[in-house]
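One structure is given below, encoded as C-alpha cells.
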Amino acid sequence: MALTCPVCEDTRVRTKLRKQGVEILQCAACRLAFWIPGAGFDPSSLYDGDYFASEHAAHGYDDYAALEPALRATFRRRLAKLGGATGAKLLDVGAAYGFAASEAERAGFRVFAAEISADAARHAGALVPGRVLRASADHLPFGTACFDVVTLWDVIEHLPAPHAAVSEIARCLRPGGRLVLTTGDVGSLVAWLSGARWHLYTLPEHLFFYSRESLRRLLGSHGFRVETIRAEGALYPVGYLVERLRKTLVGRSRTGSIRFPGAGLVVPVNLFDVITVTARREAAP
Ligand SMILES: [Zn+2]
C-alpha cells in the first residue's frame, strides 16, 4: 500500500530527515511533515505527571508549573487579540494546567476545557472548577454548535488523528464561530536553517509538523475558512530559554536546571516559526 499524506492524501511522500532514529517524512503537496509511530505506541500514555515535571524524563517539561507567569502573559496577549469576549463561550482543547482557560475566564469568556492527562486535568480543575473534562480532541463531550470559540494552544501537533479532531471541533462550534490555534511552522526559515535540530522536532510528543498549506487544507476540509495566519511569538523566562538552548546544543543531561540571577525574567521571543491561525466555521449551506 502506498504511503499517503495524513492531511491531503497525496502519495508524494518523501523522507525529510532522521532524528533519534526516527524517519520524519514530508508531503510534497501540502508540506506536512510527520512520522509514523510503531505499533503499540499510545500517544495518550505520554502525558502522565512526569510529562509536566521531570528534569530526567525523555520527553516533556522540566517544570511546567514554573512557566506559569510567562504562559499566562502569553495567553493574555493572544486572548486580547480575539476581542469580543464578554459572555462568549470558549472551549480550550488540550488545556494542560489550565493557565489559558483561567486567563480566558478573566478576559470575560465563559470557559470550558478538555484535557487528556488526568494529572493536568486535576491542575486545570483547580483553576476553573467544574469545567474541565478529561477528554481527547476527537471525542469532545460537548453538544453540537455550542461554542463561539475553540482554542488549541500548541496542541494540534500532539494529536494523533487530526482529521477526527478538527471534525469534532467543527461540530462543537456554532456556524460563524472561530477556531484559534498555535503550532510550529515547518516551512519557516528557522525550521529550515535548524534542520534536525529545530527546537520543535520534539519526539515522541510532536507527531505532526504543520506547514501553512497543510493547515489550510486540514481546516478547509472541515468547513473552516482560514482568516489569518501570523507568526506572533510568545513570552518565556530567560532560564527556560537557556535550558532549551543547552538541550539543543548538548542534549539532555542530569545536571538539573540552571539557576542564575535573572533566570525568571520573562522576555518576548519571536523566531517567526510559531504561527497563530484563526479560522471561521462557515455557516452550513
Ligand atoms: Zn499533504
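Since every read-out is calculated from the coordinates, none of them should be taken as a lab result. Small disclaimer: the values here were computed from a predicted structure and weren't measured. Heads up, the Cβs are rebuilt from the backbone with ideal geometry, glycines too, and the neighbour counts pull from every protein chain shown.
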Q: Calculate, for ARG76 and HIS199, the FRET efficiency according to 1/(1 + (r/R0)^6) with r their C-beta to C-beta distance and R0 35 Å; round to the nearest 0.05.
A: 0.90
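With an 8 Å cut-off on Cα pairs and a minimum separation of 6 or more residues, tell me the relative contact order of segment 41-281 in percent. Let's see the in-between values first.
Values: 476 pairs, mean separation 44.3, N = 241.
Relative CO of segment 41-281 lands at 18 percent.
What FRET efficiency, computed as 1/(1 + (r/R0)^6) with R0 = 51 Å and r the Cβ-Cβ distance, is obtained for ARG106 and ALA2, rounded to the nearest 0.05?
Numbers: r = 50 Å, r/R0 = 0.97.
Using R0 = 51 Å, I get an efficiency of 0.55.
How large is the helix-only mean residue ellipticity at 222 nm for the chain, computed as the sum of -39500 (n - 2.57) over DSSP H runs with n ≥ 4, divided by its residue count, in deg cm²/dmol to the nearest 500? Don't skip to the answer; put the middle values down first.
Working: 8 runs with 76 residues, N = 285.
The per-residue figure over the chain is -7500 deg cm²/dmol.
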**Q.** Amide N of segment 32-56 lying under 15 Å from the label point, which is placed 7 angstrom from the Cα of ALA126 along Cα→Cβ
**A.** 49-50, 52-53
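Using the per-residue mean of other Cβ atoms lying within 10 Å as a proxy for protection, in what order, highest first, do the peptides 122-132, 99-109 fall? Don't skip to the end; give the middle numbers.
Numbers: 122-132: 17.2, 99-109: 22.4.
Those peptides, ordered most packed to least, come out 99-109, 122-132.
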Q.
Within segment 66-88, name every residue whose backbone N is under 18 Å away from a label modeled 7 Å from Cα of THR228 along the Cβ vector.
A. 74-86
(Q) Cut-off under 28 Å on the C-alpha distance; same-chain residues fewer than 8 positions from LYS247 excluded. Which lysines are left, in chain and number order? (A) LYS16, LYS19
